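Following: one structure in structure tokens, then a few remarks.
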Amino acid sequence: MEVFATFDVYNSTGQRVAEGHKASFCLEDNQCLPGVKPRYACANYGDQGISVNCSDIYKYTVDCQWVDISDLDPGKYTLKVAVNPEFKIPEMSFENNAAVCDFFYTETYGTVTNCVVQRP
Ligand SMILES: [Ca+2]
């Protein structure tokens with residue numbers, strides 16, 4: 001899947017100033033709520049999917065979980081992270097597929113706050 005997740009940074013006028021995206025090759029049940037049995041696993045080319053009440057977790061140890069902000073000037077921005085942004089995987093709702101957050105960046109650190117969940 002060419003675009004499974006996007007990571008975009010916008011400036012105060014709404015112009016996209018940095019971007020990243022993640023491709024995906026297998027969805028699986030990495031973690032499930034108590035009492036929910038994982039069904040999908042990518043091992044041995046098993047079936048793909050994410051069960052209800054389970055999640056497929058992409059930790060920082062997986063490649064491409066980042067957006068390059070090397071060229072950004074310090075300041076206030078908006079970070080938008082969206083999953084399944086092209087609506088290629090059927091879901092009960094797309095209204096919770098994006099998080100839009102304030103992103104404050106200095107030359108030494110960045111903070112992400114005030115996230116709002118919305119449709120990509
Ligand atoms: Ca959703």
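The values are calculated or read from the model by the stated rules, or taken from the named source; none is laboratory data. Predicted model, so just to flag it, every value in this text is computed and none were measured. Here Cβ is always computed from backbone atoms with ideal geometry, including for glycine, and neighbour counts include all displayed protein chains.
Flag: Lys80 matches the condition of being under 11 Å from the mean Cα position of the chain (by Cα), surrounded by 16 or more Cβ atoms within 10 Å (Cβ to Cβ) and charged (D, E, K, R). Lys80: out of contact with any Gly (no Cβ under 9 Å at 6 or more places or on another chain) and over 19 Å from Tyr58 (Cα atoms), yes or no? The answer is no for Lys80. Residue-level check: of (1) away from the ligand (no atom under 16 Å from the Cβ); (2) of a type outside the set (Lys, Arg); (3) modelled with pLDDT under 95, Ile50 misses just (1). The condition (being out of contact with any His (no Cβ under 8 Å at 6 or more places or on another chain), surrounded by 15 or more Cβ atoms within 10 Å (Cβ to Cβ) and closer than 27 Å to Val112 by Cα) is satisfied by just one residue among Gly20, Gly14, Gly49: Gly20. Restricted to the range 1-90, the set of strands (runs of 3 or more DSSP E) holding at least 2 residues that are farther than 30 Å from Thr106 by Cβ and out of contact with any Pro (no Cβ under 8 Å at 6 or more places or on another chain) is empty. Just the residues that are touching a residue at least 24 places away in the same chain (Cβ under 8 Å), over 18 Å from Val17 (Cβ atoms) and more than 16 Å from the ligand (Cβ to nearest atom), please, taken from the range 63-113. The answer is Cys64, Gln65.
Provide a single number: the residues in the range 53-77 that are modelled with pLDDT under 90, farther than 16 Å from Asp29 by Cα and surrounded by 12 or more Cβ atoms within 10 Å (Cβ to Cβ). Here the count works out to 3.
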